[in-house]
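Notes follow the structure.
The values are calculated or read from the model by the stated rules, or taken from the named source; none is laboratory data. Note that this is a predicted model, so its numbers are computed, not measured. Heavy atoms of the whole protein, side chains included, go into the accessibility calculation; ligands, DNA and RNA do not. Shrake-Rupley method; radii C 1.70, N 1.55, O 1.52, S 1.80 Å.
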Amino acid sequence: MHTAQKSGLDQLPQVTEPRNPGMSLDMDWVMRARANRSAIERRAATLPGRRSVKKAHQAAWLARAISCIDLTTLAGDDTAGRVARLCSKARQPVRADLLDTIGMPGLTVGAVCVYHDMIAPAVAALQGSGIPVAAVSTGFPAGLSPFHLRVAEIEESVKAGAAEIDIVISRRHVLTGNWQALYDEMRTFRAACGEAHVKAILATGELGTLQNVARASLVCMMAGADFIKTSTGKESVNATLPVSLVMMRAIRDYHEATGFRVGYKPAGGISKAKDSLTYLALVKEELGDRWLRPDLFRFGASSLLGDIERQLEHHVTGAYSASWRHAMG
Ligand SMILES: O=C[C@H](O)COP(=O)(O)O
């Protein structure tokens, strides 16, 4: 039997999901959304210690994690050369012989995520690979530039070849409870994206409460987000398990009520293979197997791939290599 089947993971043929069209803003639903912090934190605390993925199946789960990575570089000193190197890594994330051994030849990451000016080199370097380029947008990371420029930035990035746009929401709309303003903003961003898929970055570390996270998640989905994403990677607190529980449950509620599946992207500070397994197990438990695919789940991460590669190498060869051998860009 194939490694992936034995592991409890299904194979990865393309599945096409109808895009979330959004709906009108339902304020009753938004205000009903609550988050019981102590219950959520208790549940989150039990997750990392659990052996939800058996050792023999880890290679298949780690390979799945790779397929869901938005391989990211968002640094002020990014260059076309660094992005090109990152894109070769995206095309072949792990040594070919390791992938053959675990029965996953041709595995790639989910997308490459860059700033606007790096879209062109990324598109050129990924040509023919089928790997989409995602661009952070709308005045990332703070989202405080003039609104018309934020909208224009989306349009420019789509024109430059980005197939996915990671927008940042205005945190102040959440902090002041101005849900209509958040909805209108997100609606406009979604429209500017056109065919490109839009990920709504909530910057959860700046939203104050888990209840705000639950409400902002719902409002962004109502406004047509294809994905909701935790963080920019630049806040002082980025992806966490409690926040992930709240956002996944909002996604589940939205699916139950509307029939549309919205994707989930934890981002920022996820750098260890074992953490990626915890997240995948949580997705499986909270949302189900359908979400364990790159069209509905991504890790936003700049250094996770290096650790997963080391763990896979260890799995296959029994030895760890030095981390410098797994440079990203
Ligand atoms: O969206 C992706 C994040 O910016 C990456 O954060 P990271 O560098 O902590 O992995």
Output the pairs from LYS55/LYS274; LYS234/LYS284; LYS229/LYS284 with a Cα-Cα distance over 19 Å in this structure; if there are none, say none.
LYS234/LYS284
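What full-extension length gain, to one decimal in nm, is calculated for ALA191 and GLN211 as 0.36 nm per residue of separation minus the Cα-Cα distance?
4.5 nm
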What do you get for the angle between helix 58-67 and the principal long axis of the chain? Use alpha-carbon atoms, 0 to 90 degrees, nearest ten.
50
For the chain, what does -39500 (n - 2.57) per DSSP helix run (n ≥ 4), summed and divided by total residues, give at 222 nm, in deg cm²/dmol to the nearest 500?
-13500 deg cm²/dmol
Percent accessible area from carbon and sulfur atoms, the stretch 219-329, protein chains only, probe 1.4 Å
49
If you fit an axis through the alpha-carbon atoms of helix 273-286 and take the longest principal axis of the Cα set of the chain, what angle between them do you get, 0 to 90°, nearest 10?
50
Which whole-number percent is the relative contact order of the stretch 124-169 (Cα, under 8 Å, 6+ apart)?
49
With an 8 Å cut-off on Cα pairs and a minimum separation of 6 or more residues, tell me the relative contact order of the chain in percent.
21
Tell me, Kirkwood radius of the chain from alpha-carbon pair distances, in Å?
19.8
Before I look further, what does the chain give for accessible area per residue, probe 1.4 Å, in whole square angstrom?
41
